[in-house]
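Undergrad: Quick one: the structure is below, questions incoming.
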Amino acid sequence: MSNNAALQSEKQEIDNLIKKGYVMTSSKGTFDGDVVVFENKMTFEKKTLLLTHPDSRKYFATLYIQQYK
């Protein structure tokens, strides 16, 4: 997968989870990327997403901060 395609794919996964009612609850940095945990506000179901592209990690961080404003 090309670098740009990886970025777009990870951003789309983040956006889809947010549209489905998930909020970002935690993040952990690893050597493989950032592991982000999302939790559904209604069902409390948790989903984990590994972000490997640097720009998608920046995108996540921006949304995470905005989520709490």
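Undergrad: What Kirkwood radius, in Å to one decimal, follows from the Cα pairs of the stretch 3-67?
TA: Evaluated over the stretch 3-67, this radius sits at 11.8 Å.
Undergrad: Just from its helices, what would the mean residue ellipticity at 222 nm be for the chain, if runs of 4 or more DSSP H residues each count -39500 (n - 2.57) and the sum is divided by every residue, rounded to the nearest 500 deg cm²/dmol?
TA: Computed mean residue ellipticity for the chain: -15000 deg cm²/dmol.
Undergrad: Here is a further query. In nm, what is the difference between 0.36 nm times the number of residues separating LYS41 and LYS28 and their Cα-Cα distance?
TA: Length gained, LYS41 through LYS28: 2.6 nm.
Undergrad: Oh, and also: Reachable lysines from LYS47, Cα under 17 Å, same-chain residues fewer than 8 places away excluded?
TA: LYS11, LYS19, LYS20, LYS28
Undergrad: In degrees between 0 and 90, to the nearest 10, how far off the longest principal axis of the chain does helix 3-19 point, with axes built from Cα atoms?
TA: It is inclined by approximately 0 degrees.
Undergrad: Along the charge dipole of the chain, which of GLN8, GLY33, PHE60 sits closest to the positive end, that is, farthest toward it, with unit charges on the beta carbon of Lys, Arg, Asp and Glu (+1, +1, -1, -1)?
TA: Farthest towards the positive end: PHE60.
Undergrad: Full-extension gain between GLN67 and LYS19, please, as 0.36 nm times their residue separation minus the C-alpha to C-alpha distance.
TA: Going from the current span to full extension adds 16.0 nm.
Undergrad: Right, here's the next one. Want the number for THR48 to ALA5: 0.36 nm per residue separation, take away the alpha-carbon distance, what's left?
TA: 13.5 nm
Undergrad: A further question on this structure: The chain: which chymotrypsin sites (Phe, Trp or Tyr not before Pro) are DSSP loop and have at most 11 other beta-carbon atoms within 10 angstrom?
TA: Qualifying residues, ordered by number: PHE31, PHE44, TYR68.
Every number here is computed from the coordinates shown, using simple stated rules; none is lab data. Nothing here was measured: the structure is a model prediction, and the numbers come from that model. Every residue, glycine among them, receives a Cβ derived from its backbone with ideal geometry; neighbour counts consider all protein chains shown.
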